[in-house]
Amino acid sequence: MEVIDRRHTDLYVSAATFLTHYALHPDPAGYLAHGYVDLCLAAWPTASGVSLDLATRWALWTWIVDDAFDSDLLAESRQGVGEFALSLLLVASGSTRPGPGDHPTLHALADLAADTRTLMPAFWWQRYLTHLEDWVHAASAKLLDFVQPHRTPTLREYLALRPADGGMLLAAMWCELAEQAITPDWHDPLLQSLLRAFSTVGCLTNDLAGSGDPFSAVGALVTVEGLDPTAARELVAEQLRAEQLRFWWLYSAVRSGGFTSADTSRFALGLDRFRRALADWTAGSSRYESRAAQLLGEEAR
């Protein structure tokens, strides 16, 4: 128990320091009360030191930027959103440094990128940049094409952006980073199928927790397909169960052997731990209660 408490204390202090140092949130303690540290510790139980700390900072930074797309940028022009998205990508790649008046997330990103380039192999960092770019573009498209004009996507439009804007492939790479289980088989067809199932499970879990969010599978089924809200949620829950079974099937195949690197099996285990931790956290986190309240406020305006 003492070891667990010490890990929690150390990671909590690190996370709070990160949020405070870069002014990423006006109330770091309130923000961390959503349970982010608990999620990271549950997802990466054998991780420690710099790797755990850096993976947790990436997770926090990503949630903060996701919140910026959902709130800070709601009234921003198309040009302004595009400039912010481009700045994220330029800073991440090291092509530019943020200026004194730039968004706090850019300053945090510059240091995160530098720390990650020092710790991780170059091929891994290039892969991370690719998926970060996909996530930024998808989050921008979601904001500009659906959230700002108050338009619910069709199921086809939803699937075109999901799971890229859900950031689950970034989360998969946080697992590699935290546990230092860097798979050389990322592009193997079986592993790619596992990653797609992992991404879909995460997105549908999020959709079912995000009550009232029009950009979700539930929203698409209700508004566009004309389903009753209860029936829509039941249908999405049924799809989630099917994807969970698909994940387990593929996960078992990867873990059964056949890959030359033991890190691939360790990586698959990391994905399973993360999706289980995410499901438990999503079911009880106050993040989703506050998100539902925010959505109700936007509808009232």
Of the residues in the stretch 14-46, those that are open to solvent by 40 Å² or more (accessible area, probe 1.4 Å) and either of a type in the set (Gly, Ala, Ser) or within 29 Å of LEU269 (Cβ to Cβ) (or both) number 7
Checked pairs for the stretch 86-98, first without any contact (Cβ under 8 Å) to a residue 40 or more places away in the chain, second outside any helix (DSSP H, G or I), C-beta under 8 Å and 6 or more apart or across chains, list as SER87/THR96; SER87/PRO98; SER87/ASP102; SER87/HIS103; LEU90/THR96; VAL91/ARG97; VAL91/PRO98
Reported set for the stretch 103-122 where residues are hydroxyl-bearing (Ser, Thr, Tyr) and touching a helix residue (DSSP H, G or I) at 6+ places or on another chain (Cβ under 8 Å) is THR105, THR116
Q) Would you say ALA141 is among the small types (Gly, Ala, Ser), crowded, with 23+ Cβ neighbours inside 10 Å, touching an Asp or Glu at 6+ places or on another chain (Cβ under 8 Å) and assigned to a helix (DSSP H, G or I)? A) no
Out of (1) at pLDDT below 95; (2) within 28 Å of PHE267 (Cα to Cα); (3) aliphatic (A, V, I, L, M); (4) open to solvent by less than 60 Å² (accessible area, probe 1.4 Å), the one MET1 does not meet is (4)
Among LEU161, LEU155, the single one that is surrounded by 15 or more Cβ atoms within 10 Å (Cβ to Cβ) and not polar (S, T, N, Q) is LEU161
Those residues of the stretch 176-232 which are of a type in the set (Val, Ile, Thr) and over 19 Å from VAL147 (Cα atoms) amount to ILE182, THR183, THR200, VAL201, THR205, THR230
Within the stretch 201-252, residues being open to solvent by less than 40 Å² (accessible area, probe 1.4 Å), hydrophobic (A, V, I, L, M, F, W, C) and closer than 21 Å to ALA172 by Cβ number 9
Reported set for the stretch 164-187 where residues are of a type outside the set (A, V, I, L, M) and open to solvent by less than 50 Å² (accessible area, probe 1.4 Å) is ASP165, GLY166, GLY167, TRP174, CYS175, GLU176, GLU179, THR183, ASP185, TRP186
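The rows are residues; the columns are (1) surrounded by fewer than 18 Cβ atoms within 10 Å (Cβ to Cβ); (2) under 25 Å from HIS150 (Cβ atoms); (3) over 16 Å from the mean Cα position of the chain (by Cα).
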residue: ALA59; (1), (2), (3): no, no, no
residue: ASP70; (1), (2), (3): no, yes, no
residue: ALA75; (1), (2), (3): yes, yes, yes
residue: LEU106; (1), (2), (3): no, no, yes
From the option list ARG151, ARG156, ARG162, ARG117, single residue qualifying as of a type in the set (D, E, K, R) and at pLDDT 95 or above is ARG117
Checked the stretch 47-57 for anything in contact (Cβ under 8 Å) with a residue 24 or more places away in the chain and surrounded by fewer than 16 Cβ atoms within 10 Å (Cβ to Cβ); matches are SER48, VAL50
All-but-one check, VAL91 against (1) more than 19 Å from THR116 (Cβ to Cβ); (2) buried (at least 18 other Cβ atoms within 10 Å of the Cβ), failing number (1)
The one condition ARG287 fails out of (1) open to solvent by 20 Å² or more (accessible area, probe 1.4 Å); (2) part of a helix (DSSP H, G or I); (3) out of contact with any Gly (no Cβ under 8 Å at 6 or more places or on another chain) is (3)
In the stretch 42-67, residues that are at pLDDT below 95 and touching a His at 6+ places or on another chain (Cβ under 9 Å) total 1
Screening ARG255, ARG275, ARG266 for residues that are surrounded by 14 or more Cβ atoms within 10 Å (Cβ to Cβ) and closer than 30 Å to PRO153 by Cα leaves only ARG275
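The values are calculated or read from the model by the stated rules, or taken from the named source; none is laboratory data. As the structure is a computational prediction, the values presented were derived from the model and not from experiment. When we count neighbours, we look across all protein chains shown, and the Cβ atoms used for this are built from the backbone with ideal geometry, even at glycine. SASA here: full protein model, heavy atoms, side chains in, ligands and nucleic acids out. Shrake-Rupley method; radii C 1.70, N 1.55, O 1.52, S 1.80 Å.
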